[in-house]
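Quick notes on the structure that follows.
The values are calculated or read from the model by the stated rules, or taken from the named source; none is laboratory data. Predicted model only: the values in this text are computed from it and were never measured. Virtual Cβ from ideal backbone geometry, glycine too; neighbours counted across all protein chains shown.
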Amino acid sequence: DTGVSQNPRHKITKRGQNVTFRCDPISEHNRLYWYRQTLGQGPEFLTYFQNEAQLEKSRLLSDRFSAERPKGSFSTLEIQRTEQGDSAMYLCASTVRNAGYGYTFGSGTRLTVV
Amino acid sequence: AQSVTQLDSQVPVFEEAPVELRCNYSSSVSVYLFWYVQYPNQGLQLLLKYLSGSTLVKGINGFEAEFNKSQTSFHLRKPSVHISDTAEYFCAVSDPTGGGNKLTFGTGTQLKVEL
């Protein structure tokens, strides 16, 4: 068990560019979640997968955001045409079956849009 | 819809003193409750959770929390804090009956332990 891995740790991009983040969950965890955390706030739910199926998306996830989890393993979160308001920490978490088992979070990807 | 309120944004405390971090939640259904800790530039780590049963739950690092249904609270306590407890603490709620069990977090409480 190597934990939840997120890459990159930091990303600085210019406004209007596209960025992609990767999350590798714990291998036996079938649920994977993406959250966004801005300064001084708690994490906010973006979307979650059960295996390869994306089952729910928050209204925070505009059409510029897309997430995938091919084959139910790693997941990617892409942001197109980044805006300064996208600057945040993007957290990935995984769990077995449901949150009652407790999430394991990755260390996050900090995005700065300049 | 569920919500979590952490009224204290910052709590300063001296080392070896007791501490209580307050959390109130709002939900129309039964809930799962959690406390997570976040150290600088790191992800969140689960401290403890309440699913059902005993209202007093014990977690890692000497922390405990008590579920109070009538007051819709889930306050976190530690009888004697250490410098290493300095971190951000988040209370979270989840609906066990549906919605993918996603967590709704509070805005966090920064615990600062001083010598």
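Taking the range B:31-47, which residues are facing chain A (nearest Cβ under 8 Å), under 11 Å from residue B:92 (Cα atoms) and not in a strand (DSSP E or B)?
Answer for the range B:31-47, where residues must be facing chain A (nearest Cβ under 8 Å), under 11 Å from residue B:92 (Cα atoms) and not in a strand (DSSP E or B): there is none.
Would you mind finding the one in B:9, B:26 that is more than 10 Å from chain A (Cβ to nearest Cβ) and either aromatic (Phe, Trp, Tyr) or in contact with a Ser or Thr (Cβ under 7 Å, 6 or more places away or on another chain) (or both)?
When all the criteria are applied, what remains is B:26.
Within the range A:15-39, work out how many residues are among the hydrophobic types (A, V, I, L, M, F, W, C), within 13 Å of chain B (Cβ to nearest Cβ) and more than 20 Å from residue A:101 (Cβ to Cβ).
Qualifying residue count, the range A:15-39: 1.
Within the range A:40-114, considering only strands (runs of 3 or more DSSP E) that don't extend past its boundaries, which have at least 3 residues that are surrounded by 15 or more Cβ atoms within 10 Å (Cβ to Cβ) and either out of contact with any Asp or Glu (no Cβ under 8 Å at 6 or more places or on another chain) or at the interface with another protein chain (Cβ under 9 Å from one of its Cβ atoms) (or both)?
Qualifying strands (runs of 3 or more DSSP E): A:44-50, A:88-95.
Name the single residue, out of those in the range A:1-32 being in contact with a helix residue (DSSP H, G or I) (Cβ under 8 Å, 6 or more places away or on another chain) and modelled with pLDDT under 95, that is nearest to residue B:4 (Cα to Cα).
Ranking the qualifying residues of the range A:1-32, first place goes to A:31.
Has the range B:65-78 got any residue that is in contact with a helix residue (DSSP H, G or I) (Cβ under 7 Å, 6 or more places away or on another chain) and of a type outside the set (A, V, I, L, M, F, W, C)?
Yes, because at least one residue in the range B:65-78 is in contact with a helix residue (DSSP H, G or I) (Cβ under 7 Å, 6 or more places away or on another chain) and of a type outside the set (A, V, I, L, M, F, W, C).
Go through (1) more than 13 Å from chain B (Cβ to nearest Cβ); (2) of a type outside the set (Ser, Thr, Tyr); (3) assigned to a loop (DSSP other than H, G, I, E, B) for residue A:12 and report which single condition fails.
Going through the list (1) more than 13 Å from chain B (Cβ to nearest Cβ); (2) of a type outside the set (Ser, Thr, Tyr); (3) assigned to a loop (DSSP other than H, G, I, E, B), residue A:12 breaks only (3).
Among the residues of the range B:79-86, are any over 25 Å from residue A:96 (Cβ atoms), of a type in the set (Gly, Ala, Ser) and surrounded by fewer than 20 Cβ atoms within 10 Å (Cβ to Cβ)?
Within the range B:79-86, one or more residues are over 25 Å from residue A:96 (Cβ atoms), of a type in the set (Gly, Ala, Ser) and surrounded by fewer than 20 Cβ atoms within 10 Å (Cβ to Cβ).
Any residue at all in the range B:74-91 that is assigned to a strand (DSSP E or B), at pLDDT below 95 and either more than 21 Å from residue A:39 (Cα to Cα) or within 14 Å of another protein chain (Cβ to nearest Cβ) (or both)?
Looking for residues that are assigned to a strand (DSSP E or B), at pLDDT below 95 and either more than 21 Å from residue A:39 (Cα to Cα) or within 14 Å of another protein chain (Cβ to nearest Cβ) (or both), one finds none in the range B:74-91, hence no.
Search the range A:15-34 for residues being of a type outside the set (Lys, Arg) and assigned to a strand (DSSP E or B), and hand back the single one that is surrounded by the fewest Cβ atoms within 10 Å (Cβ to Cβ).
A:20
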